[in-house]
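Working notes, beginning with the structure itself.
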Protein chains: 2
Amino acid sequence: MATGRTHRPATRSRGIPEATVARLPLYLRALTALSERSVPTVSSEELAAAAGVNSAKLRKDFSYLGSYGTRGVGYDVEYLVYQISRELGLTQDWPVVIVGIGNLGAALANYGGFASRGFRVAALIDADPAMAGKPVAGIAVQHTDELEKIIKDNGVSIGVIATPAGAAQQVCDRLVAAGVTSILNFAPTVLTVPDGVDVRKVDLSIELQILAFHEQRKAGEDAGQDDGSDDARAVAAREARRAVREVREAAGKTAPDAPTGASDRKGPDGDVPAVMPA
Amino acid sequence: MATGRTHRPATRSRGIPEATVARLPLYLRALTALSERSVPTVSSEELAAAAGVNSAKLRKDFSYLGSYGTRGVGYDVEYLVYQISRELGLTQDWPVVIVGIGNLGAALANYGGFASRGFRVAALIDADPAMAGKPVAGIAVQHTDELEKIIKDNGVSIGVIATPAGAAQQVCDRLVAAGVTSILNFAPTVLTVPDGVDVRKVDLSIELQILAFHEQRKAGEDAGQDDGSDDARAVAAREARRAVREVREAAGKTAPDAPTGASDRKGPDGDVPAVMPA
DNA sequence: TCTTGTGAATAATTTCACAGCT
DNA sequence: AGCTGTGAAATTATTCACAAGA
């Protein structure tokens, strides 16, 4: 039994599950769209469809915020927009800095979704002196030297890192030292931060890799009638792996099929049944 | 265990948990870094630290792939790189198309993380005729008219949508009709696709909103415990909340414009609203 | 009617802790 | 000795299904 620090049974408003928090922006977006079309009320079913989730989940999520609906009617769109915005902290102004104004940084600076929520791009920062003064998205890029001053002058608590991986940790350290307590990291690297600092990461290639996994699985399942004896196949697969390993060990140090030269063209028809390794 | 359940969870053998799949790219990245430094073996503890997860989770994740480690020693880096790559389907070549070559699309096209994995940018597509022929990341942009032909000629099964929200669904429909079965969506909109098509979305502003939520919570909770967090917003936020509560209490049970009766039934106190947006 | 809000049931994921192999 | 692999426990998330209320 873990003793020691008692994590309180979650006070009402603070006990919002992380999974719910992650969906609130989704609901908010759907609600904003409805609001722009002047739709006055919406049912959980409709809103759930618009947000791409199921309605029971949506109602459960909302139940953590309070009772904001009307039975038999639905939810008042404007009211809900406001409540969710407030819950997410978007009724206040969040100045953010973007560090690393390459392609991605520029894209972020131009991204309308920030400004339309409570976010304001307070500054764009880049290490390249040649960038300094150049306007991106209507804002003059400033040099990294100014980082600490910018953070402090603007009361910035959220920083976005869009630098190359090699520079990310250093930038992160400086941001944190200057007072930033939330970081959105686009660089493909794991950042180390002190307690109390939040990091979220967006890795563009990770999402593609997850898609590839499912794509591969699709292709493999298409190739053969499934559902016969999954377990047998599982066992076989496992033994095959073990065998591969043994072969490898016997062979010394050379890796089996190098990840190179994989020229199998993936096509709609001629799929490689990649499920079972040879 | 050992109950004769009639219906087995259809995917037991290939049934790698989604949460695990989502972490495999993370492990792969950490392993690749080790590989580049010619580190021969790594323990679950070390690798977990490098990937930013805890070691029990990592071992559990790997256990779904098979027994690839050596007790008392750890994991062979090269071998594990290969196994995970294969599991993710990265040992084959995945041609992808990027549709919408604005700031973000260009950033994606230039993003090294794709090519270094099994992904190959087969084409860049944009609706703007003025873009046609212009080289981005060394590839000439093609017009949307060519979309179907490009997909078919290259056997593309993964599409990346980086268009404005308004165009996304239409582009999606065309991609799917042409044979794409996996879509990575950067447009801030929910895409509707037929069964069998996978969609993953990356919404830049959602991540920021989640950060804002935690940031706000930090500010509200750090009432007076930590060192001098002279955060004006923290104080403001807290007072705003208090004000809302006071207004609510003063107003008794009836909210101005709101669905009534949100008082005693389910009262997550502090946050029950009384203030309506205009 | 209709739809919300929510306990209870189910499923998924994480963490613990230690047996088993090197 | 040391580290993996994994059942079992704990935690978290989702779904069901229906009473309560407009």
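The values are calculated or read from the model by the stated rules, or taken from the named source; none is laboratory data. This one's a predicted model, so the numbers in the text were calculated from it and none came from an experiment. Neighbour counts run over all protein chains shown; Cβ positions are idealised from the backbone, glycine included. Calculation scope for accessible area: heavy atoms of the full protein, side chains included, ligands and nucleic acids excluded. Shrake-Rupley method; radii C 1.70, N 1.55, O 1.52, S 1.80 Å.
Got a sec? What order do B:His143, A:His214 fall in by accessible area at 1.4 Å, biggest, i.e. largest, first?
B:His143, A:His214
Charges on Cβ only, +1 for Lys and Arg, -1 for Asp and Glu, centred on the Cα centroid of the range B:18-88; of B:Gly52, B:Tyr82, B:Leu34, which one is farthest towards the dipole's positive end?
After comparing all options, I get B:Gly52.
Using amide H atoms built 1.01 Å from N in the peptide plane, name the residues 5+ places from B:Lys201, or on other chains, whose amide H lies under 5 Å from its own.
Residues meeting the criterion, in which the H sits 1.01 Å from N, are B:Asn185.
Excluding B:Ala177 itself, what net charge comes from residues whose Cβ is under 13 Å from its Cβ, given Lys and Arg +1 and Asp and Glu -1?
+1
Where a ≥ b ≥ c are the square roots of the eigenvalues of the C-alpha gyration tensor, would you call the range B:18-88 rounded, which needs a/c under 1.5, or, failing that, prolate if a/b is larger than b/c, or oblate?
Rounded is the answer for the range B:18-88, as its axis ratio a/c remains below 1.5.
Could you sort B:Arg59, B:Arg29 by their accessible area in this structure, using a 1.4 Å probe and putting the largest first?
Order by accessible area, largest first: B:Arg59, B:Arg29.
Report Rg(Cα)/(2.2 N^0.38 Å) for the range B:94-202, keeping two decimals.
Compactness ratio reported: 0.95.
List, shortest first and in nm to one decimal, how far the label point of A:Ala177 (7 Å from Cα along Cα→Cβ) is from its counterparts in the other copies.
In nanometres, ordered from closest: 5.7.
Taking amide hydrogens as modeled 1.01 Å from N in the peptide plane, which residues meet the under 5 Å criterion relative to A:Thr41, leaving out close sequence neighbours?
Close amide H contacts, sequence-distant or interchain: A:Val77.
Every other copy gets compared here: list the nm distances from the B:Arg120 label point (7 Å along Cα to Cβ) to its counterparts, shortest first, one decimal.
Nearest to farthest, the other copies are at 4.9 nm.
Output, in nm with one decimal and in ascending order, the distances from the A:Gly133 label point to the matching label points of the other copies (7 Å from Cα along Cα-to-Cβ).
Values, ascending and in nm: 3.5.
I'd like the Karplus ³J(HN,Hα) series for the range A:83-95: coefficients 6.51, -1.76, 1.60, θ = phi - 60°, whole numbers in Hz, and an x wherever there's a Gly or Pro.
Listing the rounded values in order: 5, 5, 4, 5, 4, 7, x, 8, 7, 10, 8, 10, x Hz.
For the range B:15-31, just list the computed ³J(HN,Hα) in residue order, Karplus coefficients 6.51, -1.76 and 1.60, θ = phi - 60°, integers in Hz, with x standing in for Gly and Pro.
3J(HN,Hα) across the range B:15-31, in whole Hz: x, 6, x, 4, 4, 5, 3, 5, 8, 4, x, 5, 4, 4, 5, 4, 5.
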